[in-house]
Amino acid sequence: MFIIKRFCDVGGYCCPAESGDFLPDPPTCGKTPAVPRIMNGKEVQLNSLPWMALLIYQNRKTLWRYSTTMCAGSLINSRYVLTAAHCLYPAGDYIKSVRLGEHDTSTNPDTVVLSNGGRKTAPPYLEVNVEDVVRHHNFYEHEKIYINDIALLRLELPVRYTREIRPICLLPDYHFANNYFENSSLRIAGWGASHIQSNKVLLSGNVKGLNPSECQKLHFRRDIHICAGGQDGTDTCKGDSGGPLMATMGTSYNEFVYLAGITSYGSSECGWRPGVYTSTIKFIDWIKTKIKP
């Protein structure tokens, strides 16, 4: 059983409890500060997806440290980022840190031009070293098909929640255990490839949840996957791996964003065929048993 602790002021700034052994509830999680390769994706409002995490890699031999748009993740509490297991160990490299509060990877801090001609500048991004990685013990790959594609990144230090950095909510399994989000409007996000080149800015797009039968050619498994996208050229693509498949629930001030899935794999024809996502609902017990203070 998890004890939920949070300390929020009237301005919406929340400080997490010192331990990271809980999964926060709304309004600590899932609240965006703004009114709310991804194909046909649009640039998101500055820091409007405050749980997005960019993974930073380091080469084992040269110790060269670099940022890449290869993989992303989602902050789920003050100490943990949830991502795809296949993102953990690219050839010769490992995840050194995660970057939170990022928008445009080519600038720091990020500044955007508003519709009225003014400018908005965000605080500098926060980069936190990864202390430990926990990959699902039954993860495996076969011809670019990933099974049990889920992993936790434990941060070296707990992060303080701000308007620009805060966790996404996780769905309670007892409400959505058999939910494939069929015909639901879902949202995807990432810094991955759009058309033929990678993106420096965070992009987001809407996709529709599909009936599992529509994804059988992608070796979809009902017990661990969600199938979505492929309509109107909108889909996750190379570089979006590990990023969130998001479901928005509620209305107005009681509207919160939940992590329905983790971008796993799909067709090489980005944008026109469905993508397959690891269902977080199916792994909620695994997540709870693996996170620690």
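The values are calculated or read from the model by the stated rules, or taken from the named source; none is laboratory data. All figures in this text were calculated on a predicted structure; none of them were measured in a lab. Every residue, glycine as well, gets a Cβ built from its backbone with ideal geometry; the counts of neighbours run over all protein chains shown.
Do you know which of the residues in the stretch 78-90 that are out of contact with any Lys or Arg (no Cβ under 7 Å at 6 or more places or on another chain) and in a loop (DSSP other than H, G, I, E, B) is modelled with the lowest pLDDT?
The qualifying residue modelled with the lowest pLDDT is Pro90.
Name the residue, out of Tyr265, Tyr258, Tyr253, Tyr277, that is over 26 Å from Pro26 (Cβ atoms) and either at pLDDT 80 or above or surrounded by fewer than 17 Cβ atoms within 10 Å (Cβ to Cβ) (or both).
That would be Tyr265, the only listed residue that is over 26 Å from Pro26 (Cβ atoms) and either at pLDDT 80 or above or surrounded by fewer than 17 Cβ atoms within 10 Å (Cβ to Cβ) (or both).
Determine which single condition Asp93 fails, assuming it passes every other condition in (1) closer than 19 Å to Gly242 by Cα; (2) at pLDDT 75 or above; (3) buried (at least 20 other Cβ atoms within 10 Å of the Cβ).
Going through the list (1) closer than 19 Å to Gly242 by Cα; (2) at pLDDT 75 or above; (3) buried (at least 20 other Cβ atoms within 10 Å of the Cβ), Asp93 breaks only (3).
Surrounded by fewer than 24 Cβ atoms within 10 Å (Cβ to Cβ), under 27 Å from Ala151 (Cβ atoms) and among the aliphatic types (A, V, I, L, M): which single residue out of Val133, Val113 fits that description?
Val133 is the lone residue from the list that is surrounded by fewer than 24 Cβ atoms within 10 Å (Cβ to Cβ), under 27 Å from Ala151 (Cβ atoms) and among the aliphatic types (A, V, I, L, M).
Out of Thr107, Thr68, report the one residue that is modelled with pLDDT under 70 and β-branched (Val, Ile, Thr).
Step by step, each of Thr107, Thr68 is checked, and only Thr68 is modelled with pLDDT under 70 and β-branched (Val, Ile, Thr).
Conditions first: (1) over 24 Å from Val98 (Cβ atoms); (2) at pLDDT below 90. Thr236 passes all but one, so which condition is the exception?
It fails just one condition, (1).
Please find, within the stretch 28-57, the residue that is surrounded by the fewest Cβ atoms within 10 Å (Cβ to Cβ) out of those that are more than 18 Å from Ala122 (Cβ to Cβ) and at pLDDT 90 or above.
That would be Ile56.
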